[in-house]
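Student: Take a look at this one; I'll ask things after.
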Amino acid sequence: MHGPADVAIQGEKIAAVELGLDASNAARVIDATGKIVTPGFVDLHVHNYISRGGRPSVASDSTSLAFGVTTALDAGTATPSQYPHYWETDIQSTNVRLYSLVRMPDPYGPDPATVGEVQELINSYDTLIGVKFHHSQHFPALPMAREAADFGGGILMAEAYGAPMRQLLDWLNPGDILTHTFHAAFRFPIFDHRGKLWQEVHDAVERGVYLDIGHGARGFAFRTMEQSMEQGLKPTTISTDLHVGNIDGPVYDMPTTMSKMMAIGLSLDEVIEMSTIVPARALHQEDRLGTLKPGYVADVVVSEVQQGQFEYLDVLHERRTGHEKIVPETVIYSGKLYTGEKFVPGEMTHREDAPQGFIQNET
Ligand SMILES: [Zn+2]
């Protein structure tokens, strides 16, 4: 929906969305004149198991909620044996609405799990909605991840550099998620050696696989997405893969990632959809999240869309200039105003990541 309107919130829900609502009885009125009012952002790729200690997690309230992300999916930070601890600690103490995937361990690795054990976990925790196949894993973990995820209609998320692309896509069913889709690392991009998108990529979109950004420290290159868009292919969802290795750049946060997509040709409307209703659908929560409608959860973000010259960086440290920047100013989650901490980035630690010979410097 577009155009001016007032949004009334009662308790945790949206009560009404209409022009000219009577605000005389309201406890709080937020003036959004000249701003955009959107549903809370839904980030399909974060890492927030901080109580385990060590890399890669970051605290979601100060790095996600403070930037408009009211719902997030932890993409397999915890293994099956760690999941109960993760649930008791970070999932309980975080204000961001967290869903999660468990990482399917290698069958011959140090902390293996059977398919049955993972299915039992998915059965026991409402927050656990599927399985992640991580690029560091050996291929035998993929059929196991598939089988475990299939239990109860769970999601399988695979990293786009986890295996040769066509082989990987073959394992993904409708509703599954390919993340880091537009990467430029390692040897398995979405194009054949002539630079054409594999037919299997189009086929995957056709059958309902989500092509997710998952920016991260290795997962997003402008030129990969530009080359895809020239061939008519856009991402389905925008996500950050926010972790310690990219929070000081080049990712920073969700609205920066969204603004970056606008710098290479997506419209504001597309970017909002790819960060709200579409990822809400991927989480099977589209009947209560991702839309500003009466009866939906009151996750609401008021943002300024700044105009100017903004420079954005990808994982290869290539630059693009955008003319718009989404800056969230007010974040409401389940009807509550967020007033907590907001992360301030430090010096960028990320080094550009590309295979040998990929970057052709002019100098
Ligand atoms: Zn990740």
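Student: Quick one: in the stretch 1-49, which of the residues that are basic (Lys, Arg) and closer than 19 Å to Lys336 by Cα is surrounded by the most Cβ atoms within 10 Å (Cβ to Cβ)?
Tutor: Of everything passing the filter in the stretch 1-49, Lys13 is surrounded by the most Cβ atoms within 10 Å (Cβ to Cβ).
Student: Could I ask something else about it? Counting only residues that are within 16 Å of the ligand (Cβ to nearest atom) and in a helix (DSSP H, G or I), which one in the stretch 59-80 is nearest to Phe343 (Cα to Cα)?
Tutor: Thr63
Student: Go through the residues of the stretch 168-180 one by one and say whether even a single one is within 12 Å of the ligand (Cβ to nearest atom), crowded, with 24+ Cβ neighbours inside 10 Å and not in a loop (DSSP other than H, G, I, E, B).
Tutor: Checking the stretch 168-180: at least one residue is within 12 Å of the ligand (Cβ to nearest atom), crowded, with 24+ Cβ neighbours inside 10 Å and not in a loop (DSSP other than H, G, I, E, B).
Student: When you go through (1) away from the ligand (no atom under 16 Å from the Cβ); (2) not in a helix (DSSP H, G or I) one by one for Glu200, which number turns out not to apply?
Tutor: (2)
Student: Let me ask something else. In this structure, is Gly162 touching a strand residue (DSSP E or B) at 6+ places or on another chain (Cβ under 6 Å) and more than 16 Å from the ligand (Cβ to nearest atom)?
Tutor: no
Residues checked against (1) within 16 Å of the ligand (Cβ to nearest atom); (2) touching a residue at least 40 places away in the same chain (Cβ under 8 Å); (3) crowded, with 20+ Cβ neighbours inside 10 Å:
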site: Ala204; (1), (2), (3): no, no, yes
site: Phe220; (1), (2), (3): yes, yes, yes
site: Arg223; (1), (2), (3): no, yes, no
site: Lys234; (1), (2), (3): no, no, no
site: Asn246; (1), (2), (3): yes, yes, yes
site: Tyr252; (1), (2), (3): yes, yes, yes
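Student: Just the residues that are in a loop (DSSP other than H, G, I, E, B) and touching a strand residue (DSSP E or B) at 6+ places or on another chain (Cβ under 6 Å), please, taken from the stretch 123-139.
Tutor: Thr127, His134, His135
Student: What number of residues within the stretch 41-58 are at pLDDT 95 or above and more than 14 Å from the ligand (Cβ to nearest atom)?
Tutor: Residues flagged as at pLDDT 95 or above and more than 14 Å from the ligand (Cβ to nearest atom) within the stretch 41-58 amount to 4.
Student: Which condition from (1) in a strand (DSSP E or B); (2) in contact with a Pro (Cβ under 9 Å, 6 or more places away or on another chain) is the one that Val7 breaks?
Tutor: Condition not satisfied by Val7: (2).
Student: Identify the single condition in (1) assigned to a helix (DSSP H, G or I); (2) crowded, with 22+ Cβ neighbours inside 10 Å that Glu120 does not satisfy, given that it satisfies every other one.
Tutor: Of the numbered conditions (1) assigned to a helix (DSSP H, G or I); (2) crowded, with 22+ Cβ neighbours inside 10 Å, the odd one out for Glu120 is (2).
Student: While we're on this one: I'm checking my understanding of the structure. Among residues of the stretch 140-159 that are among the hydrophobic types (A, V, I, L, M, F, W, C) and in a strand (DSSP E or B), which one is nearest to the ligand (Cβ to nearest atom)?
Tutor: Out of the qualifying residues, it is Met157.
Student: Further question: Quickly run through the stretch 97-107 and pick out the residues that are surrounded by 24 or more Cβ atoms within 10 Å (Cβ to Cβ), out of contact with any Phe, Trp or Tyr (no Cβ under 7 Å at 6 or more places or on another chain) and among the aliphatic types (A, V, I, L, M).
Tutor: Of everything in the stretch 97-107, just one residue is surrounded by 24 or more Cβ atoms within 10 Å (Cβ to Cβ), out of contact with any Phe, Trp or Tyr (no Cβ under 7 Å at 6 or more places or on another chain) and among the aliphatic types (A, V, I, L, M), namely Leu101.
The values are calculated or read from the model by the stated rules, or taken from the named source; none is laboratory data. It should be emphasised that the depicted structure is a prediction, and the values quoted were computed from it without experimental measurement. Here the Cβ is made from the backbone with ideal geometry for all residues, glycine too, and neighbour counts use every protein chain on show.
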